[in-house]
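Every number here is computed from the coordinates shown, using simple stated rules; none is lab data. Keep in mind that this is a model prediction, so the values were computed, not measured. Methodologically, a virtual Cβ is constructed for each residue, glycine included, from the backbone with ideal geometry; neighbour enumeration extends over all protein chains shown.
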Amino acid sequence: MGDKRYRKVAVGGTFDKFHQGHRMLLEKAFQVAEQVLIGVTSDEFGGQKGEIEPCNVRMANLNALLEGHSNYILARLEEHYGPTVEDESIEAIVVSPETEPTAREINKIRQEKGMKPLDIIIIGMVLAEDGRPISSTRIRKGEINPDGSIK
């Protein structure tokens, strides 16, 4: 399968105010994996970030955006690690520099359980017009649009 190096890769996030950084994260996962497990933070867990759309809305939005892909699974995340610390079929995780520490924690837990560590694939941050990273928080605050344009 060309550049598909892994059978199953995980990505996770809130996926609120879907933006170019989210798109890049998912594109990389689909590029390297036969199957992508997408963890979406639950309302309770994701709500720690402030006012976000309900989980079922964010999951429905992802399903709509991923139309044309059939090789993914959406899973609700109730805590940081989700199925990555239980599912031995996951071979890698795609993260941003911001979430790399969580991937390292996942690998520590996996190793303590006698599981193989995940390969960690780090994508770069997508920058807004002002040179600062695009984030859902900045979009919610009204600083930028999802494409990184200054409002």
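Things worth noting here:
- Fluctuation leader among Ala92, Ala60, Ala33 - the chain, Gaussian network, Cα springs under 10 angstrom: Ala60
- Computed from backbone phi with θ = phi - 60° and the Karplus coefficients 6.51, -1.76 and 1.60, the 3J(HN,Hα) list for segment 122-127 is 9, 9, x, 6, 8, 9 Hz; x is used for glycine and proline.
- Rough spin-label spacing in nm, given labels placed 7 Å along Cα→Cβ, for Arg7 and Glu88: 1.1
- Residue order, fewest to most surrounding Cβ atoms within 10 angstrom, among Lys108, Lys17: Lys108, Lys17
- If you model segment 41-147 as an ellipsoid using its alpha carbon gyration tensor, with each semi-axis the square root of five times an eigenvalue, the axes come out at 26, 18, 15 Å, biggest first.
- Euclidean distance between Cα centres, segment 132-151 to segment 67-120, Å: 27
- Here the residues Lys116, Lys4, Lys28, ranked from fewest to most Cβ neighbours within 10 Å of their Cβ, fall in the order Lys116, Lys4, Lys28.
- If the chain linking Glu79 and Glu27 were pulled fully straight, counting 0.36 nm for each residue of separation and taking away their Cα-Cα distance, it would gain 16.3 nm.
- Backbone amide hydrogens, once placed in the peptide plane, bring Ala75 within less than 5 Å of Ile38, Gly39, Val40, excluding anything fewer than 5 places away on its chain.
- Length gained on full extension, Lys141 to Lys113, computed as 0.36 nm times the residue gap minus the Cα-Cα distance: 6.0 nm.
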